[in-house]
Every structure is written in structure tokens, then in C-alpha cells.
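Engineer: Handing you this structure, nothing more for now.
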Amino acid sequence: MKKIALIIVLALSSINLFAATDDSVLDVTLQVGLDYRMSPTQLAVMYWLNPSNQLGLKAGVDREGEERQTSIALQSKHFLKNSFYISPEIFYLNTRENENWLTDQVFNLKSKFTEYVSMGAGVRIGNQWVIKHFTIGVDWIGAGRRFGTFRKDNQNATETTYTLLNIYAGLSF
């Protein structure tokens, strides 16, 4: 499913579309892809401030075995050219992740989990297209940094978060 969505996004990148239609006020989208520490399914509601700027909320969850991630973000999108945007955000992250997932797979070692609850800030770049009342887009790449940790079980937990090919589709109202 992710590969099909990626092919659609790449095909649309060559079409000259506006970032928003004149009558769009809200975008409601469902998102999938690598975001923060895992690959959550997320729901976003974005409000069009003007044809070049959006502001909204995004929330998501993911659970894979004993690992889990819950995230909530206040996100802004500033469209620079046609469909290309830069998107700064502030996020809340509640995560339980396996520290040694690679060595666990190779050497079959016992998993060691880190749990933390924190806030952070990040930025991502992407493209978004609106065709009538349908919107599709992708956060190509992004990075973030946790700046406030309320609870952390391991002092060695990484402070960096990543976004890669976070694809989304939904409706514009």
C-alpha cells in the first residue's frame, strides 16, 4: 500500500497544481510512514490561514509487539513554491522502544526497552497537492529533537526523531 501511494505522489509531482483551492478551509488527512521513532497511523486536521500557510494538529499511534508510540503535534506548513512546503512543528511523544533491535535480530539477544515521555520540535519538507476536494501529499524528510523530557527510563535514549516518506491523503473542505 505504501509503495502504491509513493508512486501516485511521484506521478503527481510533475503536474502543476496549486497548493490550495480558493474555497478550501480545512484538510483532514490520514497519514502513514516513518515519523518520529516508528511508523504510526496518524490523523491530521489542518486549517488554511491563506493560500500559502496552514496550521493544524496531528495525532497518531503505533504498536509493534512490545514497542509503542503515541504522538501529538502542532504543525505549520509554509508553501514556498506551488506545492513545496517547509513544516515546523512542536510535538509530544510517548514511546517505548527496543534499544538493541538490530543486535536482537542478528544475535537473538534479550530485548532492552526504553520508555520516555517528552516534548520536542522538528522541521520537515514535503509536497502537497489539492485536486478539487481531494488532497494528497508526502513529508519527504524531516528531523526533530526532544527538548523536554518528563520521564525517561534510560539516560542513553536518543534525543533525535526522524521523518521519512510520511505519505498522506484526505479531503479538503
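Engineer: If I ignore ligands, DNA and RNA and count only protein heavy atoms, how much of residue 164 is accessible to a 1.4 Å probe, in Å² to the nearest 10?
Structural biologist: The accessible area of residue 164 comes to roughly 90 Å².
Engineer: What's the extension gain from residue 115 to residue 80 if we count 0.36 nm per residue and subtract their Cα-Cα distance? Mind showing how you got there, number by number?
Structural biologist: Numbers: separation 35, 0.36 × 35 = 12.60 nm, distance 3.74 nm.
Full extension from residue 115 to residue 80 adds 8.9 nm.
Engineer: If you don't mind, another one. At 7 Å along Cα-to-Cβ for each site, give me the label-to-label distance between residue 94 and residue 25 in nm.
Structural biologist: The answer from the label model is 3.2 nm.
Engineer: Also, quick follow-up: Under the 0.36 nm per residue contour assumption, what length would be gained going from the current alpha-carbon distance of residue 64 and residue 52 to full extension? Don't skip to the end; give the middle numbers.
Structural biologist: Working: separation 12, 0.36 × 12 = 4.32 nm, distance 3.70 nm.
Gain on stretching residue 64 to residue 52: 0.6 nm.
Engineer: Determine how large the accessible area of residue 123 is when every protein chain is in place; take a 1.4 Å probe and give Å² rounded to the nearest 10.
Structural biologist: 70
Engineer: How far apart, in nm, are the 7 Å Cα→Cβ label points at residue 72 and residue 125?
Structural biologist: 3.1
The values are calculated or read from the model by the stated rules, or taken from the named source; none is laboratory data. Keep in mind the model is a prediction, meaning the values are calculated, not measured. With ideal geometry, Cβ positions are generated from the backbone for all residues, glycine too; neighbour counts draw on all protein chains shown. Note: areas computed on protein heavy atoms with side chains; ligands, DNA, RNA excluded. Shrake-Rupley method; radii C 1.70, N 1.55, O 1.52, S 1.80 Å.
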